[in-house]
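S.K.: One structure, pasted below without further comment.
Values in this text are rule-based calculations from the coordinates and carry no lab data. The shown structure was predicted, so the numbers you read here are calculated from the model rather than taken from an experiment. Please note: Cβ atoms are built from the backbone with ideal geometry, for glycine as well, and neighbour counts cover all protein chains shown.
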Amino acid sequence: MREDPLFQIIPGYREAVEHETTVREAAFLSVTETVCGFECLPFSPLHYSMLDCSGSPFVRGGVPMAEDVAVFLWCVSPDYAPDAGIRRWRHVRRTRGLDYEAAVVSIRAFIDDAFADAPGTKGGHTASYYSGTAAMVDLLASQYGWAESAIIRLPFKRIFQYARCIRQRHEDRPIFFNRSDRVIADWQERDEAARRERETATRN
């Protein structure tokens, strides 16, 4: 396979593409993830719904407190269970020793990676008539016939890839964007700014 010539031109572009590839492939492995030293299941619609209903600022926006960090890490823990009182207590106690700022950064990076392939949103106010989880269940259930109980537990990293596959199959010219495209855009902006600076220096 021919290597992208931009790898040799744009600093950091190769690494960004390799990271995207690794994250996408790893989403299909039966492995857990690690967030600030805590074992976590891949982020799924079920986790999102739980956190949204509890008012977590990690999904609703806002400044998270230390207790929000503890709640998030418990919700995505493989040990999570609604009635796991002792396990929950032990889990929350472990979070007390965390570096709060580092934990917030790690959790947000965990969420950002999960939504890396999410479709863009349109600007302006749009009325909502059903949840995002319902839309994901409807899409995958109607396409593949999967059960709701299975879909809501799928990692977002897999759901958004499936959604792209579905768009690719049904649309004539679907437009997709990768996070690595931002590396190219930033490089182009810097290159253009440097060109204008050189031209200004030449005229003066």
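S.K.: Within the chain, what is the longest stretch that has no GluC sites (Glu not before Pro) placed in a DSSP loop and near at most 16 other beta-carbon atoms within 10 Å?
M.R.: 4-170
S.K.: What is the P(r) of the range 32-116, as percent of Cα-Cα pairs per 5 Å bin from 0?
M.R.: 3, 15, 29, 29, 20, 5, 0
S.K.: Now for a separate question. log10 I(q)/I(0), Debye, Cα-only the chain, no solvent, q = 0.13, 0.18 Å⁻¹?
M.R.: Log-scaled intensity ratios, in q order: -0.89, -1.38.
S.K.: Taking the alpha carbon gyration tensor of the range 90-142, what are the square roots of 5 times its eigenvalues, largest first, to the nearest whole Å?
M.R.: Working through the eigenvalues yields semi-axes of 32, 16, 12 Å.
S.K.: What FRET efficiency comes out for the pair A26/D83, r = Cβ-Cβ distance, R0 = 35 Å, nearest 0.05?
M.R.: My answer for the efficiency is 0.65.
S.K.: Can you give the calculated 222 nm mean residue ellipticity of the chain, where each DSSP H run of n ≥ 4 adds -39,500 (n - 2.57) and the sum is split over every residue, rounded to the nearest 500 deg cm²/dmol?
M.R.: -18000 deg cm²/dmol
S.K.: Turning to a different aspect of this structure: Return the Cα extents of the range 131-171 along principal axes one, two and three, sorted largest first, each rounded to a whole Å.
M.R.: Cα spread of the range 131-171 along its principal axes, largest to smallest: 27, 19, 17 Å.
S.K.: So, one more: What are the semi-axes of the equivalent ellipsoid of the range 94-204, taken as the square roots of 5 times the eigenvalues of the Cα gyration tensor, listed largest first and rounded to whole Å?
M.R.: In descending order, the three semi-axes are 37, 25, 13 Å.
S.K.: Give the range of the longest stretch in the chain that excludes all trypsin sites (Lys or Arg not before Pro) found in loop regions by DSSP and having at most 12 other beta-carbon atoms within 10 Å.
M.R.: The segment 3-95 is the longest one with no such site.
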